[in-house]
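The values are calculated or read from the model by the stated rules, or taken from the named source; none is laboratory data. Not measured: the values here are computed from a predicted model. Cβ sites come from the backbone with ideal geometry, for glycine too, and all protein chains shown count toward neighbours.
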Amino acid sequence: MRKALGRFASGVTIVTTAQPTDSGDRNEASVHGMTANAFTSVSLDPPLVLVSIANRAKMNGRILETGRYGVSVLACDQEPLGLHFAGAPQDDPDLVRFVWRGDVPLLDGALVHLACSLEASHPAGDHTLHIGRVERLWYADGRPLVFYTGSFRALELTGRDEPWGF
């Protein structure tokens, strides 16, 4: 199953959430993040997105506790962040830089930032599907990081605006 579905290319996201402190100081907030490629748009009206999180992952419980999460869509030069949040810590102490959008931490330099409030959670096998309402979004142009056949890749943009013809 993993090998077959690994042939579906997907973008790479970092899902983040933060447990606020009593003082409300962002520097003291407990931030948690994880790499996820199981992300999709659900609806434009209302604006909803979905992340699929393993039930055993710490992030699953943290999203349920906080009721909020962020999604950062990574650019092609952010592979080290994808690896870091996938459980392979990188040696660069300056690698992880958060940008706060309201009370949601997101990754600096990402192509897209989505700040979401939890609408619903649905158990689905060994995962939980968390549907979030997009409260705020930001985006920039650039080349995305993609995941294909078990590895990160850069998507080359051709600049072609005309439709493909046969």
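Computed quantities for the displayed model
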read-out	value
Selected residue (only one of Val12, Val96 is among the hydrophobic types (A, V, I, L, M, F, W, C) and either more than 20 Å from Arg143 (Cα to Cα) or within 10 Å of the chain's Cα centre (by Cα) (or both))	Val12
Selection from segment 1-26 of residues that are modelled with pLDDT under 75, out of contact with any Asp or Glu (no Cβ under 9 Å at 6 or more places or on another chain) and among the polar types (S, T, N, Q)	Ser23
Neighbours by Cβ (under 8 Å, 6+ apart or cross-chain): first from segment 109-124, within 27 Å of Glu79 (Cα to Cα); second assigned to a strand (DSSP E or B) and of a type in the set (Phe, Trp, Tyr)	Leu111/Tyr139; Val112/Trp138; Val112/Tyr139; His113/Trp138; His113/Tyr139; Cys116/Tyr69
Subset of segment 33-88 (residues that are of a type in the set (D, E, K, R) and either surrounded by fewer than 17 Cβ atoms within 10 Å (Cβ to Cβ) or farther than 14 Å from Ala18 by Cβ (or both))	Asp45, Arg56, Lys58, Glu65, Asp77, Glu79
Lone qualifier among Thr128, Thr149 - being in contact with a Lys or Arg (Cβ under 9 Å, 6 or more places away or on another chain) and of a type in the set (Ser, Thr, Tyr)	Thr149
Filter result for Asp92 (out of contact with any Lys or Arg (no Cβ under 7 Å at 6 or more places or on another chain), exposed (fewer than 14 other Cβ atoms within 10 Å of the Cβ), at pLDDT below 90 and over 23 Å from Glu119 (Cα atoms))	yes
The listed residue being in contact with a strand residue (DSSP E or B) (Cβ under 8 Å, 6 or more places away or on another chain), over 26 Å from Arg56 (Cα atoms) and modelled with pLDDT under 95, out of Gly142, Gly159, Gly165	Gly142
Residue under evaluation Met34, criteria (1) more than 16 Å from Phe152 (Cα to Cα); (2) in a strand (DSSP E or B), criterion not met	(1)
Matching entry among Ala88, Ala110, Ala120 (being part of a loop (DSSP other than H, G, I, E, B), closer than 21 Å to Tyr69 by Cα and small (Gly, Ala, Ser))	Ala110
Filtered residues of segment 50-85 (kept if assigned to a strand (DSSP E or B) and of a type in the set (A, V, I, L, M))	Leu50, Val51, Ile53, Ala54, Val71, Val73, Ala75
Pairs where the first residue, in segment 46-63, is farther than 16 Å from His32 by Cα and modelled with pLDDT of 95 or more and the second is surrounded by 15 or more Cβ atoms within 10 Å (Cβ to Cβ) and of a type in the set (D, E, K, R), C-beta under 9 Å, 6+ apart	Pro46/Glu119; Pro46/Arg133; Pro47/Arg133; Leu48/Glu119; Leu48/Arg133; Val49/Arg133
Residues within segment 96-107 that are touching a helix residue (DSSP H, G or I) at 6+ places or on another chain (Cβ under 8 Å), exposed (fewer than 15 other Cβ atoms within 10 Å of the Cβ) and assigned to a loop (DSSP other than H, G, I, E, B), tallied	0
